[in-house]
Amino acid sequence: MDWTATEVREEFQDILRYWLARGVDGFRIDVAHGLAKDPRMPDVTDPSPPGGAHPHWDVDEVHDVYRAWRRILDDHPGDRVFVGEIWVQTADRLALYLRPDELHTAFNFAFLTAPWSAAALRAAVDDSLRALEQVGAPATWVLSNHDVVRHVTRYGGGTMGVRRARAAALLMLALPGSAYLYQGEELGLPEVENLPDEVRRDPVFRRTGGADPGRDGCRVPLPWSGGSPSYGFGPGPQSWLPQPPSWADLTVERQAADPSSMLTLYRTALALRPHATGDLTWLPTTGEVLAFRRGPGFLCVVNVGDDPAPLPAEARAAAPLLTGDPQITGDVLPGAAAAWYRL
């Protein structure tokens, strides 16, 4: 697609007007950082150049496209929104897409890709809030999507991966701004890593001769009900990508009836999330513990480490609002656990 061509830009603008006239609420823009190329058309000798500069991605001319689109959106009544899928090198580069005359919001992949460590997670939060505040854009948070390994598996898999995923959910949903949930994370689904070669659909798998397994492992259809595939997803015994037998314990039906399930945790956290209002203020902690207040009445504490850690004094004096681990009692936070408190 030649985005330097007037005909191309006008065609897409007409498409926006067509759907806006029919009442759509907005648009998610795939690979939003790729709608312009370096006008010098240099040869690509290194697909991953040092510093991230690449003639195909995050070229400054892309912003002219979104300024024109934003004018069209602003001309229509109602609350309409642009959401960008934008992979860039820094939070400051992301903020450029979210200036008042461009896109409204974007997935925050710096948070998604942050390692499971207190320092890395805090840095991702601080960098995001700082950069987006400069352009008046809301912060966003995301833990998984259809292009990356599901975070239960990224965080170590098994029991530890699930514990960390529960803690990460409470961390994410306590942060200021918007949270994007990828289908299945609310069920604690792991990556399906043992798909047979013959069922894989991702072109990446074919293009690399199987060297790259592709993204099918995070795209296996959800288990809804029952004790065997397709777990209520469709009428047949198999979905378009096969679900593992272990997912019988992770169906929506089963988790909805379990007060300790991942689904119940997400539903409860989303219901209580309005308690987390106001600016974020970090509290002093040691080791792998993160703690912050939101406004005058909400406190979130996360132990990113594997070993138990003492709760901050403010948490010990507060009333528990939600805990991600039934072992959270008294003055100690277990490893890979999080809790919300009402101050």
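Once the Cα atoms of helix 158-174 and of the chain are each reduced to a long axis, what angle between those two axes, in degrees from 0 to 90 to the nearest 10, is obtained?
70 degrees
List every residue whose amide H lies under 5 Å from the amide H of Gly234, counting only residues 5 or more places away in sequence or on a different chain, with H placed 1.01 Å from N in the peptide plane.
Residues meeting the criterion, in which the H sits 1.01 Å from N, do not exist here.
Of the labelled options [x] 22.2; [y] 21.0; [z] 21.6, which one gives Kirkwood radius over Cα pairs in Å as computed for this structure?
Here Kirkwood radius over Cα pairs in Å agrees with entry [x].
Hey, with R₀ at 25 Å, roughly what FRET efficiency would Asp43 and Arg201 work out to, going by the Cβ-Cβ distance, to 0.05?
On the way: r = 32 Å, r/R0 = 1.28.
Efficiency, rounded to the nearest 0.05: 0.20.
Note the angle between two axes, namely the Cα long axis of helix 118-135 and the longest principal axis of the Cα atoms of the chain, as a number of degrees from 0 to 90, rounded to the nearest 10.
Taking the Cα atoms of the chain, the angle to 118-135 is about 40 degrees.
Using a 1.4 Å probe on the protein heavy atoms, what percent of the accessible area of segment 228-328 belongs to carbon and sulfur? If you can, show how the numbers build up before the last one.
Numbers: 2860 of 5020 Å².
Percent of accessible area from carbon and sulfur atoms in segment 228-328: 57.
If I compute solvent accessible area with a 1.4 Å probe over the protein chains, what percent of it on segment 1-102 is carbon and sulfur? Write out the running numbers ahead of the final one.
Numbers: 3230 of 6160 Å².
Roughly 52 percent, rounded to a whole number.
Output the antiparallel fraction of DSSP beta bridges having both residues in the chain, as a percent to the nearest 5. Can you show the working numbers first?
Values: 23 of 32 bridges.
The antiparallel proportion sits near 70 percent.
List the residues of segment 265-289 whose backbone N lies under 18 Å from a point placed 7 Å from the Cα of Val332 along the Cα-to-Cβ direction.
Residues passing the 18 Å test: 286-289.
Would you work out the charge dipole size for segment 1-142 about its Cα centre, treating the Cβ of every Lys and Arg as +1 and the Cβ of every Asp and Glu as -1, and quote it to the nearest 20 debye? If you can, show how the numbers build up before the last one.
Numbers: 14 positive and 24 negative charges, 76 e Å.
Computed charge dipole of segment 1-142: roughly 360 debye.
Give, in nm to one decimal, the length gained when the segment between Ser246 and Asn194 is fully stretched (0.36 nm per residue of separation minus the Cα-Cα distance).
On the way: separation 52, 0.36 × 52 = 18.72 nm, distance 1.26 nm.
Stretched fully, the Ser246-Asn194 segment lengthens by 17.5 nm.
Kindly report the accessible area of the chain per residue (heavy atoms of protein chains, probe 1.4 Å, no ligands, DNA or RNA), in Å². Write down the numbers at each step before the final one.
Working: 16570 Å² over 343 residues.
Heavy-atom SASA per residue in the chain reads 48 Å².
Using 0.36 nm per residue, how much length does the chain from Tyr18 to Asp60 gain when fully extended, once their Cα-Cα distance is taken away?
On the way: separation 42, 0.36 × 42 = 15.12 nm, distance 2.74 nm.
So the extension gain works out to 12.4 nm.
Please state the charge dipole magnitude for segment 223-324, taken about the Cα centre, from unit charges on C-beta atoms (+1 on K and R, -1 on D and E), reported in debye and rounded to the nearest 20.
Details: 6 positive and 8 negative charges, 68 e Å.
Using only the charged Cβ atoms, the result is roughly 320 debye.
Between Asp306 and Thr277, what length in nm is gained on full extension when 0.36 nm per residue of separation is reduced by their alpha carbon distance?
Values: separation 29, 0.36 × 29 = 10.44 nm, distance 2.91 nm.
Full extension of this stretch gives 7.5 nm more.
So if R0 is 35 Å, what FRET efficiency would Thr286 and Arg93 give, r being the distance between their Cβ atoms, rounded to the nearest 0.05?
Details: r = 33 Å, r/R0 = 0.95.
My answer for the efficiency is 0.60.
Which FRET efficiency value, to the nearest 0.05, is calculated for Arg316 and Glu133 with the Förster distance at 30 angstrom and r the Cβ-Cβ distance? Walk me through the numbers before you get to the answer.
Working: r = 32 Å, r/R0 = 1.05.
So the FRET efficiency works out to roughly 0.45.
Among Ala123, Pro213, Val135, which residue has its Cα positioned farthest towards the positive end of the charge dipole of the chain, with +1 placed on the Cβ of Lys and Arg, -1 on the Cβ of Asp and Glu, and the dipole taken about the Cα centre?
It is Ala123.
Using the per-residue mean of other Cβ atoms lying within 10 Å as a proxy for protection, in what order, highest first, do the peptides 304-317, 2-15, 71-84 fall? Display every interim value, and only then the final one.
On the way: 304-317: 16.6, 2-15: 12.0, 71-84: 13.8.
Descending packing order for the listed peptides: 304-317, 71-84, 2-15.
The values are calculated or read from the model by the stated rules, or taken from the named source; none is laboratory data. Small disclaimer: the values here were computed from a predicted structure and weren't measured. Glycine also receives a Cβ, built like all others from the backbone with ideal geometry; neighbour counts cover every protein chain displayed. Just so you know, the surface numbers come from the protein's heavy atoms only, side chains and all, with ligands and any DNA or RNA stripped out. Shrake-Rupley method; radii C 1.70, N 1.55, O 1.52, S 1.80 Å.
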